1. Collect the residues in region 66-109 that are assigned to a loop (DSSP other than H, G, I, E, B) and in contact with a helix residue (DSSP H, G or I) (Cβ under 8 Å, 6 or more places away or on another chain), keeping them in residue-number order.
2. Within region 110-152, restricting attention to residues that are loosely packed, with under 10 Cβ neighbours inside 10 Å and in a loop (DSSP other than H, G, I, E, B), which residue is modelled with the highest pLDDT?
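The values are calculated or read from the model by the stated rules, or taken from the named source; none is laboratory data. On a predicted model such as this, the values are computed, not experimentally measured, just so you know. No Cβ is skipped: glycine too gets one built from the backbone with ideal geometry, and neighbour counts run over all protein chains shown.
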């Protein structure tokens, strides 16, 4: 009986030791953190986009800009909308390719096209990243409103080149 008890304790102890050892070697903390970051549901945080066009079939609206594009900046749950001289904010929730936008409060806007954009950019959307251009994003509502965005790169280059000639 004593031998059976000692044998059972030895086997249990060895299994626990092996199990702990496997856990330590198979799941390092760095890999867990990396995996969680890669599975993050908010793909837009920290990005800025220019609004190239807005098309709403049911509302018979088609807007586009050639210069001074409206700009959206996404910061963890808040989208800042720079609409000409007006700055408005809305809350958003992003999960994979689903996107929900809701107004925080009222936002007086002077330009009627910007007011239309502000009003249409509300509700439930699907994010569609371009397969050919990584700097293009389409946000499509379930009511056939399509907002086309172009990513703003934060690095700027200067076109002014000075030449210095020495004679």
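1. Let us first name the residues in region 66-109 that are assigned to a loop (DSSP other than H, G, I, E, B), namely 66-70, 76-77, 84-85, 96-97, 104-109.
Listed by number, the residues that qualify are 70, 84, 107, 109.
2. Going residue by residue through region 110-152, those that are loosely packed, with under 10 Cβ neighbours inside 10 Å are 112, 131-132, 134, 142.
Next, from what is left, pick out any that are in a loop (DSSP other than H, G, I, E, B): 131-132, 134, 142.
Working: 131: 87, 132: 90, 134: 86, 142: 86.
The selected residue is 132.
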